[in-house]
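Throughout, read-outs are computed from the coordinates displayed, never taken from laboratory work. Because the structure is a prediction, the values reported are computed rather than measured. Every residue, glycine among them, receives a Cβ derived from its backbone with ideal geometry; neighbour counts consider all protein chains shown.
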Ligand SMILES: Cc1cc2nc3c(=O)[nH]c(=O)nc-3n(C[C@H](O)[C@H](O)[C@H](O)COP(=O)(O)OP(=O)(O)OC[C@H]3O[C@@H](n4cnc5c(N)ncnc54)[C@H](O)[C@@H]3O)c2cc1C
């Protein structure tokens, strides 16, 4: 019974599935939606993942992802600073990248159940029951890779679900007049909007704001005109770009609260384990790296080197060492965004104290792996 069930087919679930399948596991992955689909995400992937992705044949070279090296920050009033990103990253849409990974997974033998939502997971003695609407599956190991917020979080009675979160995310794909080698974060009252290139010369424009903005102005177009346009860079980007999606992708109740890494022996990874604030541009790198360390620990468990307790202990230690501080710095740094005073201060830091800005960027990123 070298079997693993994975709930969620985003980056964390798909990379775990591919790695474990390559180690000889019989992997079933459940994804409630059908590929391809859009997600609210800035689609900038930190280059800390590049050596791993290239080594494993998972780098999306065929799509010519643009290389992004520079960071532009603007305050609500429009003042800007520009710094080199150091390690940098690349851009690829999730609409393209997730199906690319699903194809690799399927070709190599992972059973991908698309359009199948998991309603509950329960642990008894030494195995799990995974419940979907029409079937029960039994597996000895379950990975929770079901993202920021899922009905399953409610079914598992996870603590962060008891509190409402004020954050709303909105994403567009556009054709825009913007440098291809840069990622910008533009502030507006109670939010910030990122823009960077993805494949085929398209740009991702994605913002995070608070529910108050939406409530005050009633709908997204009105809120954008009244609030987002207060930043002159955003006003021209919104007015002069060609919008490529019929409607924006929207999610709400995005929670950055700490989460438990292991719930009733389910091993959480990616956003199910903890979501870093988007301004860090590091959630996908964490999902990929988390999948790698979790797959290594599960493999050691099956080789007899770790019992279940030791598996959970080792995974927890490695995860905390790699990601805990990053998540904390991300939460603190987010306070520099979304108000006139703080965003002007952050831009001044970028202009007059570049080493501090670079240090902040380093603290929210990991080392190449
Ligand atoms: C506004 C915003 C901008 C961001 N920008 C960036 C960025 O530029 N760069 C970056 O690195 N990160 C960014 N992130 C973070 C990044 O999107 C996430 O960290 C990353 O997608 C996590 O991957 P994941 O696999 O954990 O979750 P996801 O990609 O969300 O995948 C989870 C999957 O689980 C499925 N699922 C959920 N419940 C069930 C169920 N019950 N049964 C079956 N399937 C289920 C979902 O349909 C989904 O496909 C951003 C986040 C936000 C909110």
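Just how far, in whole angstrom, is segment 49-68 from segment 78-140 if you go by their alpha carbon centroids?
After rounding, the separation between the Cα centres reads 18 Å.
What is segment 228-369's relative contact order, in percent, from Cα pairs under 8 angstrom and six or more apart in sequence?
19
Express the relative contact order of the chain as a whole percentage, based on alpha carbon pairs under 8 Å and six or more residues apart in sequence.
Averaging sequence separation for qualifying contacts and normalising by length gives 24 percent for the chain.
Averaged over all directions, how much area does the convex hull of the C-alpha atoms of segment 38-111 cover when projected, in nm²?
The orientation-averaged projected area of the Cα hull of segment 38-111 comes to 6.4 nm².
Could you state the number of Å between the C-alpha centres of segment 276-333 and segment 353-369?
After rounding, the separation between the Cα centres reads 19 Å.
Between 303, 213, 47, which gets the highest mean-square fluctuation from a Gaussian network model of the chain, Cα cutoff 10 Å?
Of the options given, 303 has the highest mean-square fluctuation.
Which distance in Å, rounded to a whole number, links the C-alpha centroids of segment 1-46 and segment 189-236?
First find each Cα centre; the distance between them is then 30 Å.
Sequence gap at least 6, Cα distance under 8 Å: using those rules, report the relative contact order of segment 208-273 to the nearest whole percent.
That works out to 14 percent.
When a footprinting reagent is the concern and you count Cβ atoms within 10 Å, what order do 107, 260, 324 take, fewest first?
107, 324, 260
Just the number, please: percent antiparallel of the DSSP beta bridges in the chain, rounded to the nearest 5.
Close to 70 percent.
Taking Cα atoms, how many degrees apart are the long axis of helix 283-302 and the longest axis of the chain, rounded to 10 and kept between 0 and 90?
Compared with the principal axis, the helix lies near 10 degrees.
Once both axes come from the Cα atoms, what is the angle between helix 11-22 and the longest principal axis of the chain, in degrees from 0 to 90, rounded to 10?
It is inclined by approximately 40 degrees.
Can you bin the chain into rounded, prolate or oblate? Criterion: square roots of the alpha carbon gyration tensor eigenvalues sorted a ≥ b ≥ c, rounded for a/c under 1.5, prolate for a/b above b/c, oblate for the rest.
Prolate is the answer for the chain, as a/c is 1.5 or above and a/b outweighs b/c.
Rounded to whole Å and sorted largest first, what semi-axes of the equivalent ellipsoid does the C-alpha gyration tensor of segment 276-342 yield via the square root of 5 times each eigenvalue?
Ellipsoid semi-axes (Å, largest first): 34, 11, 5.
In deg cm²/dmol, rounded to 500, what helix-only [θ] at 222 nm does the chain give when every DSSP H run of at least 4 residues adds -39500 (n - 2.57) and the total is split over its residues?
-10000 deg cm²/dmol
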